[in-house]
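J.: The structure follows.
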Amino acid sequence: MKSAVITFPGSNCDRDMHVALNKFGFKNKMVWHNDNELPKSDLIVLPGGFSYGDYLRCGSMASKSKIMQSVINFAKSGGLVMGICNGFQILVESGLVPGILLRNKYLEFICKNVFVKIDNKDNPYFKNLDKEVFELHIAHNEGNYFCTNDQLKEIQDNNQVAIYYCNDNGKTEEKFNPNGSLKNIAGIFNKEKNVLGMMPHPERMIDKSLSGEDGSLFFKNLINNIK
Amino acid sequence: MKVSAIITLKKDVLDPQGKVIHQTLDGMGFKDVNEVRQGKYFEIDVKENDPQKAQKIVEDMCNKLLANLVIENYKIIEIQ
């Protein structure tokens, strides 16, 4: 299985993602934002970081970079595109998934482990996982998901919420919401479920001695789903 | 021509920075404040001498990049 990680100026989780993808069997290629064409891939990843210094709005400048037209075409033709953290911000700014990520409610940069609950397994990312609650890492200043009421209705009607912030028992109450995100939303899909944007970093949870292994479960399952 | 545009958050969008500024102003003794909303200001010098055309160009920029219309509104406030 082939994957590609896009590096934007200011990306800083691109190498971690490269290591994670290779560890679980992908043959990953790094792609520079200024390139025009994507290598032949089964999965494209927009990594975390601070693309273009988070100037203007997080992800806004990266969403207009040269490679993004190819990423958008790839996504529109049904290809799997995953955006993590800043990658999620780039996805919303490029219009591939609805909504936007605002400044965290209490204006603090949040860097900690959180629990998230998988809401919908009817998609290539979570299908066949035998677990609903995952412990993953978040590190962001703008993770406060927001969308209009009309968009929210559409997202809910189409089962587009991928993951919710919750506690270790999977309770998705407001008190387990780290950043003020609408309805505790931590990640969403596009309508067709081939594009996934999420704030937590699965690539930071792939080593038992360093962190945890819930990210490993995610990647192992993902590559099996794609095969 | 120089075109000035301001970008403001829509009414229903939470503005935590504006809230903190409000609280700080309150702490400094400015007690007559109802609300503070923070926005952005752009001054763009375009190679166009027709004011209407210059405005159109900057409006296009606002629609496509400078503002995110999910949460923000823009307004051209000056053309000179």
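The values are calculated or read from the model by the stated rules, or taken from the named source; none is laboratory data. Note that the structure is predicted; figures quoted are calculated from it, not measured. Cβ: placed from backbone, ideal geometry, glycine included. Neighbour counts: every protein chain shown.
J.: Name the residue, out of B:12, B:60, that is surrounded by fewer than 14 Cβ atoms within 10 Å (Cβ to Cβ) and within 10 Å of chain A (Cβ to nearest Cβ).
T.: Sole residue among the options that is surrounded by fewer than 14 Cβ atoms within 10 Å (Cβ to Cβ) and within 10 Å of chain A (Cβ to nearest Cβ): B:12.
J.: Please go through the stretch B:16-44 and pick out each residue that is free of Cβ contacts under 8 Å to residues at least 12 places away in the same chain and either part of a loop (DSSP other than H, G, I, E, B) or of a type in the set (A, V, I, L, M) (or both).
T.: Answer for the stretch B:16-44, where residues must be free of Cβ contacts under 8 Å to residues at least 12 places away in the same chain and either part of a loop (DSSP other than H, G, I, E, B) or of a type in the set (A, V, I, L, M) (or both): B:20, B:25, B:28, B:29, B:30, B:31, B:32, B:33, B:34.
J.: Pick from A:212, A:143, A:187, A:170: which is within 26 Å of residue B:12 (Cβ to Cβ), out of contact with any Ser or Thr (no Cβ under 9 Å at 6 or more places or on another chain) and not polar (S, T, N, Q)?
T.: It is A:187.
J.: Right, something else. Can you tell me which of (1) within 14 Å of chain B (Cβ to nearest Cβ); (2) farther than 24 Å from residue A:217 by Cβ; (3) surrounded by 14 or more Cβ atoms within 10 Å (Cβ to Cβ) is the one residue A:97 doesn't meet?
T.: Failing condition for residue A:97: (2).
J.: Inside the stretch A:76-134, can you point out the residues that are closer than 22 Å to residue A:56 by Cβ and of a type in the set (S, T, N, Q)?
T.: The answer is A:86, A:89, A:94, A:104.
J.: Name the residue, out of B:47, B:75, B:56, that is of a type outside the set (Phe, Trp, Tyr), free of Cβ contacts under 8 Å to residues at least 60 places away in the same chain and either in contact with a strand residue (DSSP E or B) (Cβ under 8 Å, 6 or more places away or on another chain) or part of a loop (DSSP other than H, G, I, E, B) (or both).
T.: B:47
J.: Next up: Any residue at all in the stretch A:144-156 that's buried (at least 20 other Cβ atoms within 10 Å of the Cβ) and over 14 Å from residue A:185 (Cβ atoms)?
T.: No, there is no match, as no residue in the stretch A:144-156 is buried (at least 20 other Cβ atoms within 10 Å of the Cβ) and over 14 Å from residue A:185 (Cβ atoms).
J.: Could you check, for the stretch A:201-220, whether at least one of its residues is farther than 20 Å from residue A:114 by Cβ and modelled with pLDDT under 95?
T.: Within the stretch A:201-220, one or more residues are farther than 20 Å from residue A:114 by Cβ and modelled with pLDDT under 95.
J.: Working only within the stretch A:166-221, note down all residues that are among the hydrophobic types (A, V, I, L, M, F, W, C), within 25 Å of residue A:109 (Cβ to Cβ) and outside any loop (DSSP other than H, G, I, E, B).
T.: A:166, A:176, A:182, A:185, A:186, A:188, A:196, A:198, A:218
J.: For the stretch A:1-92, list the strands (runs of 3 or more DSSP E) that sit wholly inside it and hold at least 1 residues that are in contact with a Gly (Cβ under 6 Å, 6 or more places away or on another chain) and either surrounded by fewer than 23 Cβ atoms within 10 Å (Cβ to Cβ) or aliphatic (A, V, I, L, M) (or both); which are they?
T.: Hits in the stretch A:1-92: A:43-46, A:80-84.
J.: Could we say that residue A:136 is touching a residue at least 12 places away in the same chain (Cβ under 8 Å), within 14 Å of another protein chain (Cβ to nearest Cβ) and either buried (at least 16 other Cβ atoms within 10 Å of the Cβ) or in a strand (DSSP E or B) (or both) here?
T.: Spelling it out, it is not the case that residue A:136 is touching a residue at least 12 places away in the same chain (Cβ under 8 Å), within 14 Å of another protein chain (Cβ to nearest Cβ) and either buried (at least 16 other Cβ atoms within 10 Å of the Cβ) or in a strand (DSSP E or B) (or both).
J.: Can I ask one more? So in the stretch A:171-227, with the set limited to residues that are buried (at least 20 other Cβ atoms within 10 Å of the Cβ) and small (Gly, Ala, Ser), which one is farthest from residue A:83 (Cα to Cα)?
T.: A:181
Every residue, every condition in (1) among the aromatic types (Phe, Trp, Tyr); (2) within 13 Å of the chain's Cα centre (by Cα), yes or no:
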site	(1), (2)
A:146	yes, no
A:154	no, no
A:169	no, no
A:172	no, no
A:176	yes, no
A:186	no, yes
A:191	no, no
A:197	no, yes
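J.: Within the set of pairs 6+ apart or on separate chains, which have a first residue in the stretch A:175-203 that is at positive phi and free of Cβ contacts under 8 Å to residues at least 24 places away in the same chain, a second that is of a type in the set (A, V, I, L, M, F, W, C) and assigned to a strand (DSSP E or B), and C-beta atoms under 8 Å apart?
T.: Listed by first residue and then by second, the contacts come to A:184/A:166.
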